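The values are calculated or read from the model by the stated rules, or taken from the named source; none is laboratory data. Keep in mind it's a predicted model, so treat the numbers as computed, not measured. Ideal geometry is used to build each Cβ from the backbone, glycine not excepted, and the neighbour counts take in all protein chains shown.
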Amino acid sequence: MMKFCFGIDIGGTTIKAGLFTEEGTLTEKWEIPTRTADGGARILPDIAEFLLTQMRQRQIKKETVLGVGVGIPAPVGENGIVRKTANLGWGYKDVKRELQELLGGIPVQTGNDANVAALGEMWMGGGKGEKNLVMVTLGTGVGGGIIYDGKIAAGHNGAGGEIGHICVNDGESEPCGCGRKGCLEQYASATGIVRLASARLKETEQDTLLRGREISAKTVFDAVRQGDRVASEIAEQFGRYLGYALADIAVILDPAVIVIGGGVSKAGEILLPFIEKPFLERAFFANRDTKFVLAELGNDAGICGAAKMVLG
């Protein structure tokens, strides 16, 4: 009898879901809206109703479902408890227990979404074949996931891997979204790159393709491709912050590979030398062979990692 599992990736706007075979083949995937009204009260019931409907339509019996893995945009304790989320409206919530009950007892595994995405990249993406990796997601913020010996390193409070909130600049005057100052997220995220670019354009009178345009991480790296010196200086500054931070992370975790994902990673291979060079300047000698790769799974990383939690 064929067996299945579901991988779920809860986002602030949409919930992604995938149906996987026991062997790890993704057979179907879907998206449904994330309804965050009323403190996110409908999120788990919506997931349960959707999955049970898919099972009925495909004549998948409950006993053939090995479990449901769920990535959540918040720190998640080992017991599946979330104490607070930024974008879902949840306060304290026992996600694992509540969803299992809504699914009629189907087992549920939970994890932080960035850690779960890192697990997906280890399983079938940029980190395939490795058991020790760090994934950095460069989007609106900077997220991270740590895989140690093939398993998620979530930490005591489920907050392991919050790479974006390493302090990299003691002299920063503006607060990060977390309330602290000088976090990596303020310089290495998509919004951080825009911030660096805006500051650089005020400092210099050099000709640049960036002047008089709406600045984004994409426009910066597009200008780098065209040989723009100011854009390259901005990319170098971004790379120093990120590369130095990753060198400090590597001396603790000793990853075989560092996977770069998120929207900024769409710049492609041109991104990596700006990170690798400062990494090598700062790296402990035993970490100098750490590989840098781009994430490969895109939006599927979360559902793949969620399925992997179930499949083991």
- Query: On the given criteria, is Pro107 within 22 Å of Pro33 (Cα to Cα) and surrounded by fewer than 24 Cβ atoms within 10 Å (Cβ to Cβ)?
  - Reply: no
- Query: Checking Met55 against (1) aliphatic (A, V, I, L, M); (2) assigned to a helix (DSSP H, G or I); (3) touching a residue at least 40 places away in the same chain (Cβ under 8 Å), which single condition isn't satisfied?
  - Reply: (3)
- Task: Only residues that are under 20 Å from Glu63 (Cβ atoms) and hydrophobic (A, V, I, L, M, F, W, C): list them for region 18-33, please.
- Result: Leu19, Phe20
- Item | Enumeration of residues in region 248-278 that are part of a helix (DSSP H, G or I), among the hydrophobic types (A, V, I, L, M, F, W, C) and over 21 Å from Val220 (Cα atoms) | Ile249, Ala250, Val251, Ile252, Leu253
- Those residues of region 254-265 which are modelled with pLDDT of 95 or more and surrounded by fewer than 19 Cβ atoms within 10 Å (Cβ to Cβ), in sequence order: Asp254, Ala256
- Query: Taking Ser232 and the conditions (1) assigned to a loop (DSSP other than H, G, I, E, B); (2) in contact with a helix residue (DSSP H, G or I) (Cβ under 7 Å, 6 or more places away or on another chain); (3) of a type outside the set (D, E, K, R); (4) surrounded by fewer than 20 Cβ atoms within 10 Å (Cβ to Cβ), which numbered condition does it fall short on, given that it satisfies the others?
  - Reply: (1)
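Sort out which residues of region 140-190 are on the phi > 0 side of the Ramachandran plot and surrounded by 23 or more Cβ atoms within 10 Å (Cβ to Cβ), and write them in order of number. Walk me through how you get there before you give the answer.
Going through region 140-190, the residues on the phi > 0 side of the Ramachandran plot turn out to be 149-150, 155, 158, 161, 179, 182.
The answer is Gly158, Gly161.
State yes or no: is Glu49 assigned to a strand (DSSP E or B), acidic (Asp, Glu) and surrounded by 13 or more Cβ atoms within 10 Å (Cβ to Cβ)?
Working: assigned to a strand (DSSP E or B): no; acidic (Asp, Glu): yes; surrounded by 13 or more Cβ atoms within 10 Å (Cβ to Cβ): yes.
Against the criterion (assigned to a strand (DSSP E or B), acidic (Asp, Glu) and surrounded by 13 or more Cβ atoms within 10 Å (Cβ to Cβ)), Glu49 does not qualify.
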- Message: If Ala245 satisfies all but one of (1) in contact with a helix residue (DSSP H, G or I) (Cβ under 6 Å, 6 or more places away or on another chain); (2) surrounded by 23 or more Cβ atoms within 10 Å (Cβ to Cβ), what's the number of the condition it fails?
- Response: (1)
- Every residue from region 86-101 that is surrounded by fewer than 18 Cβ atoms within 10 Å (Cβ to Cβ) and either more than 24 Å from the chain's Cα centre (by Cα) or of a type in the set (A, V, I, L, M) (or both): Ala86, Arg97, Glu98, Glu101
- Query: Where in region 76-169 are the strands (runs of 3 or more DSSP E), entirely inside, with at least 1 residues that are within 30 Å of Leu196 (Cβ to Cβ) and in the same structural domain as Ala190 (by TED's automatic domain parsing)?
  - Reply: 133-138, 142-148
- Message: Could you check region 266-302 and list, in sequence order, the residues that are crowded, with 21+ Cβ neighbours inside 10 Å, of a type in the set (Gly, Ala, Ser) and within 18 Å of Arg225 (Cα to Cα)?
- Response: Ala267
